[in-house]
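What follows is a short report on a single structure.
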Amino acid sequence: MDPVTSALVRLLGRHAADPPQGRVADYIPELAVANAEAFAMSMVSVHGHVYEAGDVEQSFTIQSVSKPFVYALVLADLGLDEVSRHIGFEPSGEPFNAISLEPGTGRPANALINAGAIVATSLIAGTPEESFTRIREGLSAFAGRTLEVDEQVYLSEAETGDRNRALGYLTLSQGVLGRSAQEATDIYFRQCALRVTATDVAIMAATLANMGVNPVTRKPVVDEAAVRTTLSVMATCGMYDNSGEWMVRVGLPAKSGVGGGIAAVLPGELGLGVFSPPLDARGNSVRGMAALQETSERLGLHMFTPPGVHRSPVSASSVEEDRLILALRGELDFVAAEGIGRHLQEMAATFPLTAVDLDVTDVTVVRPIAAELLQATGRDLLARGIRLIPSDREKVPEAEGSRDGDSSKD
C-alpha cells in the first residue's frame, strides 16, 4: 500500500472510531435510508493519481455538491458578465435554503445557496431535456465517467421540494431566473439526484484544481476563468453559514451536500472527496468535515500557508566573454521573477555585459506577473546597453526595443 493510501486509511479509522454524531438527512424521504455507517475518502492529484480509503464503492446522490460544477459550466457557456447579471458573489451567512436576494438587483447572494443554484441551473440553454443533458454530461466529464440519475431520489425530491419551487418563483419575480420556475426546479432536482462515489467527487474537485482539465482523462471540461471564479465562490460560500470558520480551520475551497458528500480543492495540487451521511445542523457531513480538517492540518494543505523555502528558479549561471548565460527552471511567479531580476542587476553591476541569454527551456509556467517583471528588467538592462534575449519568446517576450536591428535604448 502506498504512503498516501496508508495515511487515508489510518485517518478514516480514527474518525470511524469516534462516537456517532449528527443525523442522516430525512427532509427528502429517500435520503433517510442511507447507511449512516458508510465512510469513504479519496484524494486525486493533478497528475491523475487516485488514492482511496473506506467505502469508496458506495454511491450516493450528489445533492448540493453539484452546485459549483454546474456554476462552472454556466460560466464557461455564458461568461462572467452575463452570469453576474443573475447571481451575486457574496456569502449569505445563512442556511442553504434561505431566501437571500440582494436589494435592488434581486439576485441570489451566490450560486451555492439553493436560490442561486436554481438560477444557475436555469441559465443552461435549451429545452428542459437539453439543459439537463448538458448538466449530466458536464458533471460526467468532471467525474470522468457517465453519471446516472437515482430516479427514486429524484421523485422524492420532486414530491417534497415546495420550498425550492418557492425560491424559483421568487427569483422569477425578480427577473433573474432563466426559464420557468417549474422547469428550473425540475432540472435542479434531477441534477441533485445524480449518483456519485467519493472518488468521483475527488476527481471532480481535482479537475477544478487542475484548472478545468480532468487529470484522469486529460480532457478539458471548462476554461481557467470559469475555474477561478468557481473556486473563489467556493472559498467564501461553499459551506454556507460555516464558511468562515471552515476557511480558517481547513483552508480549502469546498462544497458540501446533504447526501453526505464534500468536495474540497487545493488549487494546483489535488482534489478531495469524502462521504459520510450523518449531518450537523447546518447540513454538513460531521465525519467528513472532521476528516478534512485533520487532513489539512497533518498534511499542511491550508491554501493560505506560505511556502517555507522558495526553490531558486536559476539552474545555471555563467559568464562567457561579455554575455551572461542564465538557465531557468520550474514555475516563474512573482517571487521567482523578483529573484531573477535582482540576480541580473547584480551581474550587470559586476561584469561588463552586452547581452543576457535567458534559457527558459526547463521553465514550465510563466505567470503574467513574472512576464511583466522580466520585461521590465529587460527594459532596465537595455537602458544600460545590455540586451535580454529569451530562448523562447512564446514564454517570455523580449522587452520592447531589444531585438536585433533595433537601436532604441529606451
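The values are calculated or read from the model by the stated rules, or taken from the named source; none is laboratory data. Because the structure is predicted, anything quoted here is derived from the model rather than measured. Reconstructed Cβ throughout: ideal geometry from the backbone, glycine too, with neighbour counts over all protein chains shown.
Before moving on, here are some points about what is shown:
- Options Leu353, Leu324: the member that is over 30 Å from Leu12 (Cα atoms), touching a Phe, Trp or Tyr at 6+ places or on another chain (Cβ under 9 Å) and either buried (at least 17 other Cβ atoms within 10 Å of the Cβ) or outside the structural domain of Ser59 (by TED's automatic domain parsing) (or both): Leu324
- Pair list, Cβ < 9 Å and 6+ apart or interchain, from segment 1-27 residues that are touching a residue at least 24 places away in the same chain (Cβ under 8 Å) and part of a loop (DSSP other than H, G, I, E, B) to residues that are hydroxyl-bearing (Ser, Thr, Tyr) and surrounded by 11 or more Cβ atoms within 10 Å (Cβ to Cβ): Asp2/Tyr51; Gly22/Ser276; Gly22/Ser285; Tyr27/Thr160
- In segment 343-377, the residues that are among the acidic types (Asp, Glu) and either over 29 Å from the mean Cα position of the chain (by Cα) or assigned to a loop (DSSP other than H, G, I, E, B) (or both): Glu346, Asp357, Asp359
- When segment 237-261 is filtered for residues that are within 12 Å of the chain's Cα centre (by Cα) and among the polar types (S, T, N, Q), nothing remains.
- Residue, surrounded by the fewest Cβ atoms within 10 Å (Cβ to Cβ), within segment 139-173, restricted to residues that are within 21 Å of His86 (Cα to Cα) and within 28 Å of the chain's Cα centre (by Cα): Asn164
- Exclusive hit being at negative phi, outside any helix (DSSP H, G or I), modelled with pLDDT under 90 and surrounded by 12 or more Cβ atoms within 10 Å (Cβ to Cβ), set Lys395, Lys409: Lys395
- A count restricted to segment 180-196 and to residues that are part of a loop (DSSP other than H, G, I, E, B) and surrounded by fewer than 24 Cβ atoms within 10 Å (Cβ to Cβ) stands at 1.
- When residues of segment 288-325 are limited to those that are touching a Gly at 6+ places or on another chain (Cβ under 8 Å) and outside any loop (DSSP other than H, G, I, E, B), the one nearest to Lys255 (Cα to Cα): Gly288
- For segment 28-48, filtered to residues that are out of contact with any Ser or Thr (no Cβ under 7 Å at 6 or more places or on another chain) and part of a helix (DSSP H, G or I), the residue that is surrounded by the most Cβ atoms within 10 Å (Cβ to Cβ) is Leu31.
- Verdict on Ser156 being in contact with an Asp or Glu (Cβ under 6 Å, 6 or more places away or on another chain) and closer than 20 Å to Tyr27 by Cβ: yes
- When residues of segment 174-224 are limited to those that are of a type in the set (Gly, Ala, Ser) and more than 12 Å from the chain's Cα centre (by Cα), the one farthest from Gly104 (Cα to Cα): Ala198
- Qualifying residue in segment 262-279 (condition: hydroxyl-bearing (Ser, Thr, Tyr), under 24 Å from the mean Cα position of the chain (by Cα) and within 23 Å of Asp241 (Cα to Cα)): yes
- All told, Leu177 meets the bar of being surrounded by 22 or more Cβ atoms within 10 Å (Cβ to Cβ), farther than 21 Å from Ala32 by Cβ and modelled with pLDDT of 95 or more.
- Unmet requirement for Ala115, which otherwise passes all of (1) part of a loop (DSSP other than H, G, I, E, B); (2) buried (at least 21 other Cβ atoms within 10 Å of the Cβ): (1)
- First in segment 69-85 and closer than 24 Å to Cys192 by Cβ and surrounded by fewer than 16 Cβ atoms within 10 Å (Cβ to Cβ), second anywhere and among the small types (Gly, Ala, Ser) and at pLDDT below 95, Cβ under 9 Å, 6 or more apart: none
- Within segment 207-228, the set of residues being over 19 Å from Ser42 (Cβ atoms) and buried (at least 18 other Cβ atoms within 10 Å of the Cβ) comprises Met211, Gly212, Val222, Ala226, Val227.
- Looking across Arg367, Arg403, one residue alone is of a type in the set (D, E, K, R), touching a Phe, Trp or Tyr at 6+ places or on another chain (Cβ under 8 Å), modelled with pLDDT under 90 and surrounded by 12 or more Cβ atoms within 10 Å (Cβ to Cβ). It is Arg367.
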